[in-house]
Structure formats: structure tokens, C-alpha cells
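Asks: I'd like to ask some things about the structure below.
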Amino acid sequence: MRWAGPMVCGLAGLLFAIWSWWALEFRLSLLVEGVPFALDFARRGLPPAWEVTPTLAGALLETVQIAFLGTLVGALLALPTGLLASRAVLPPWVAHPVRALLTALRTLPALVWGLLFVAWVGLGPPAGVLALTAYSLGMLAKLYYERLDSIDPVLVAAVRQTGAHALQVYRYGVLPQVAAH
């Protein structure tokens, strides 16, 4: 009866899919019924309007500025945050809460962060910068702390044994290992 567990799970999944299909009122006929709307959408978009108006150029520049600034601030904040989240550098009672915060930041997509910040600071570029900052912080800090966690702790302990203080341990024991890759 080794197959009973997977069979029960498969049957439960199938029943849930059938129930979901029915409960959501999903019909394949919706695809056929929507063809005129899709064709109208395509007709209005073709040929594309390639002229760049001052309004469009300004909006494009603003979008690039938001993306650049949000990512830059997120990357700068991610450096110390990644250090705080590294179990190779700091004790678990410090690293674990920081990791939990970073996981929460990564859980929400940038668009949801945007909606939250629009509700907080209003519609406009600051909400976009804050949203991308939060998202970038979560993603980049994870990359940083994973890299920090992969260092050789023996080398860090050797530097610590020389009597080096915390900044010297980081400078001579951690940083060279991280920068080597």
C-alpha cells in the first residue's frame, strides 16, 4: 500500500481543481467570447505610435530616475543589513530577526509595495522610490548575507585570535573572503 498516500493526495488535488473550476465559474468559452475585444485592442495598438512627445519623454525619464534611485538606496541599505543578517558575522539572536524582516520584504512584489507606499505617502515618484527601495533591500541583502555565510569561519577566528577588534576582524577576516569571488 505504498501508493495509497500519493493516490489520496492526487485524488484530493483533482477534487480541489474540479471544485475550484466550478466555484470560480471558469469557462473556456470566455476565451472565444473575448476574441472581438482582443482584436479591437490589437487594432487600436497597431501600428504603434513611435513619436516621442515631451510628456512621454518626461515620464520615461522619471521612470528611469525612480528605478535608479530606488535600486541605489536599496543596495546601499542592503550592505549593512546583509551584514546584520549574516550568521557568520553576528550571533543568531541578531541575525535571525533581521533575516525574518528581509524575508517579509521579499515576500511582497514591488507592485504591492508600490500600492502600500501610495497609501502611505501619496501618489507620485516618492512612492515608487520607496517601493523599489524596499524590494531591492530584501533581495540584495539576501544575496549579501548568503555570500557572507559562505566564508571560512576558521580564517575569521584566526584574525580574532590575534586580538583584533570587530572592525579589524571584518576588514581582515571577512572582507577579503567576500571580495575574492
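Asks: Taking the condition of being hydrophobic (A, V, I, L, M, F, W, C), open to solvent by 50 Å² or more (accessible area, probe 1.4 Å) and within 8 Å of the chain's Cα centre (by Cα), how many residues in segment 99-117 meet it?
Replies: Let us first name the residues in segment 99-117 that are hydrophobic (A, V, I, L, M, F, W, C), namely 100-102, 104-105, 108, 110-113, 115-117.
Those still in the list that are open to solvent by 50 Å² or more (accessible area, probe 1.4 Å) too: 100-101, 104, 108, 111-112, 115-116.
Going one step further and asking which of them are within 8 Å of the chain's Cα centre (by Cα), we end up with 108.
Count: 1.
Asks: Next question, about the same structure. When you go through (1) over 30 Å from Pro126 (Cα atoms); (2) open to solvent by 100 Å² or more (accessible area, probe 1.4 Å) one by one for Trp50, which number turns out not to apply?
Replies: All conditions are met except number (1).
Asks: How many of the residues in segment 61-96 are assigned to a helix (DSSP H, G or I), without any contact (Cβ under 8 Å) to a residue 12 or more places away in the chain and within 23 Å of Val156 (Cα to Cα)?
Replies: 5
Asks: Something else: Anything in segment 128-170 that is without any contact (Cβ under 8 Å) to a residue 12 or more places away in the chain, in contact with a helix residue (DSSP H, G or I) (Cβ under 8 Å, 6 or more places away or on another chain) and not aliphatic (A, V, I, L, M)? List them, or say none.
Replies: Within segment 128-170, just Gln168 meets the criteria.
Asks: Name every residue in segment 79-131 that is of a type outside the set (A, V, I, L, M, F, W, C) and closer than 14 Å to Ala141 by Cα, in order of residue number. Write out each step before concluding.
Replies: Of segment 79-131, the ones of a type outside the set (A, V, I, L, M, F, W, C) are 80-82, 86-87, 91-92, 96-97, 99, 103, 106-107, 109, 114, 122, 124-126, 128.
Of everything in segment 79-131, those that are of a type outside the set (A, V, I, L, M, F, W, C) and closer than 14 Å to Ala141 by Cα turn out to be Pro80, Thr81, Gly82, Ser86, Arg87, His96, Pro97, Arg99, Thr103, Arg106, Thr107.
Here is a yes/no grid of residues against (1) modelled with pLDDT of 90 or more; (2) of a type outside the set (Val, Ile, Thr):
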| residue | (1), (2) |
| --- | --- |
| Leu111 | no, yes |
| Val121 | no, no |
| Val129 | yes, no |
| Tyr135 | yes, yes |
| Arg147 | no, yes |
| Asp152 | no, yes |
| Val156 | no, no |
| Ala164 | no, yes |
| Pro176 | no, yes |
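Asks: Okay, next question. Taking Phe41 and the conditions (1) closer than 30 Å to Val169 by Cβ; (2) exposed (fewer than 13 other Cβ atoms within 10 Å of the Cβ); (3) not basic (Lys, Arg), which numbered condition does it fall short on, given that it satisfies the others?
Replies: Of everything listed in (1) closer than 30 Å to Val169 by Cβ; (2) exposed (fewer than 13 other Cβ atoms within 10 Å of the Cβ); (3) not basic (Lys, Arg), Phe41 misses just condition (1).
Asks: Quick one: how many residues across segment 107-148 are within 22 Å of Leu79 (Cβ to Cβ) and of a type in the set (A, V, I, L, M)?
Replies: 13
Asks: Scanning for something under 30 Å from Gly124 (Cα atoms) and either at pLDDT below 80 or out of contact with any helix residue (DSSP H, G or I) (no Cβ under 7 Å at 6 or more places or on another chain) (or both), does segment 26-43 turn up at least one residue? Explain how you work it out, then say what you get.
Replies: Taking segment 26-43 first, the residues under 30 Å from Gly124 (Cα atoms) are 41-42.
Within this subset, residues satisfying the condition of being either at pLDDT below 80 or out of contact with any helix residue (DSSP H, G or I) (no Cβ under 7 Å at 6 or more places or on another chain) (or both) are 41-42.
So far as segment 26-43 goes, yes, one or more of its residues are under 30 Å from Gly124 (Cα atoms) and either at pLDDT below 80 or out of contact with any helix residue (DSSP H, G or I) (no Cβ under 7 Å at 6 or more places or on another chain) (or both).
The values are calculated or read from the model by the stated rules, or taken from the named source; none is laboratory data. Just so we're clear, the structure is a prediction, and the values are computed from it rather than from any experiment. Ideal geometry is used to build each Cβ from the backbone, glycine not excepted, and the neighbour counts take in all protein chains shown. Keep in mind that these areas ignore ligands, DNA and RNA; they rest on the heavy atoms of the full protein, side chains included. Shrake-Rupley method; radii C 1.70, N 1.55, O 1.52, S 1.80 Å.
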